[in-house]
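K.L.:
I am attaching a structure below and will ask some questions about it afterwards.
The values are calculated or read from the model by the stated rules, or taken from the named source; none is laboratory data. It should be emphasised that the depicted structure is a prediction, and the values quoted were computed from it without experimental measurement. A quick note on method: Cβ atoms are made from the backbone with ideal geometry, for glycine too, and the neighbour counts reach across all protein chains shown. Please note that ligands, DNA and RNA were not included when accessible areas were found on the heavy atoms of the full protein model with its side chains. Shrake-Rupley method; radii C 1.70, N 1.55, O 1.52, S 1.80 Å.
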Amino acid sequence: MNTTSAYPAKDCVPPQADAVERPTVLVWDAPVRVFHWLMVVCFAGAYATAESETWRLVHVTLGYTMAALVGFRLVWGLIGTRHARFSAFVRGPQAVARYLRGLLRRQPEHHTGHNPAGALAILAILGLTAGIALTGWATFNDLTGEWVAELHEGLANGLLALVGVHIGAVVVTSWLHRENLARAMLTGRKAGAPGQGIRSAWRSVAVVLLTAVLGFWVLQWQGAPQAGGASATLAQAAPTHGDADE
């Protein structure tokens, strides 16, 4: 079904003009929300630790987590709830152009789920994250040349720029639509008619997802080499002065 609900033109005006509290419905299920905020945490942490040898294990762990999260979102985009499925929000270029024209006129179409422009951002984020994870894995395992490491860094910077655009778009569209889209990703509720919501938040799937991520982090932490052990290993591998003279 099309999840678009276009409000009358008088409702598509800036928030200063007679904002009316509209009824809300459950739109974002718990797995989508947990995925979203885990991606925020993982990308922020991975980017912050990218240049640190001390925090290399954290960087790698967060990168692997992001790759797994992308895999989960692709599956959930096929079998998930109504507004989580790609078929519900991925639209063609005409729909994107129409939505952007509405934004410029300050009369944007209201979409209960993702709007067409937001759908492009989601696909781009998933694609860039997959590319970052793949190039990061290849670099970490020394499988390729320096160019892959540079590509990895370039993709990460590209994702950072896209995240900045995404945040700016959320602020602007929240203002134009007169609804807090960031809060909606916390509560799962957005403005909409009763028939446009979903019946279940699927919290059990969200719990499994969060437990799997936290469990993976614990395993990575427990398997981390100790500082003393790492030093001893390096000392054993390094040649002695006597060996060097022979």
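K.L.:
If you add up the charges near ALA50, with Lys and Arg at +1 and Asp and Glu at -1, over every other residue whose beta carbon is less than 14 angstrom from its beta carbon, what do you get?
P.N.:
Taking every other residue near ALA50 into account, the sum is -3.
K.L.:
Could you let me know the centre-to-centre spacing of segment 144-166 and segment 18-90, using Cα atoms, in angstrom?
P.N.:
Cα centroid of segment 144-166 versus Cα centroid of segment 18-90: 18 Å apart.
K.L.:
Also: Any idea of ILE198's accessible area? Nearest 10 Å², probe 1.4 Å.
P.N.:
In the full protein context, ILE198 sits at about 30 Å².
K.L.:
Counting each pair of different Cα atoms once, what's the Kirkwood radius of segment 134-197 in Å, rounded to one decimal?
P.N.:
Here the Kirkwood hydrodynamic radius works out to 14.8 Å.
K.L.:
Would you pull out the residues with amide H under 5 Å of HIS111's amide H, same chain only if 5 or more places away, H placed 1.01 Å from N?
P.N.:
Amide H to amide H, under 5 Å and 5 or more residues apart or across chains, HIS111 pairs with SER5.
K.L.:
Tell me, rounded to the nearest percent, the portion of alpha carbon pairs in segment 31-137 spaced more than 23 Å apart.
P.N.:
When every Cα pair of segment 31-137 is considered, 39 percent fall beyond 23 Å.
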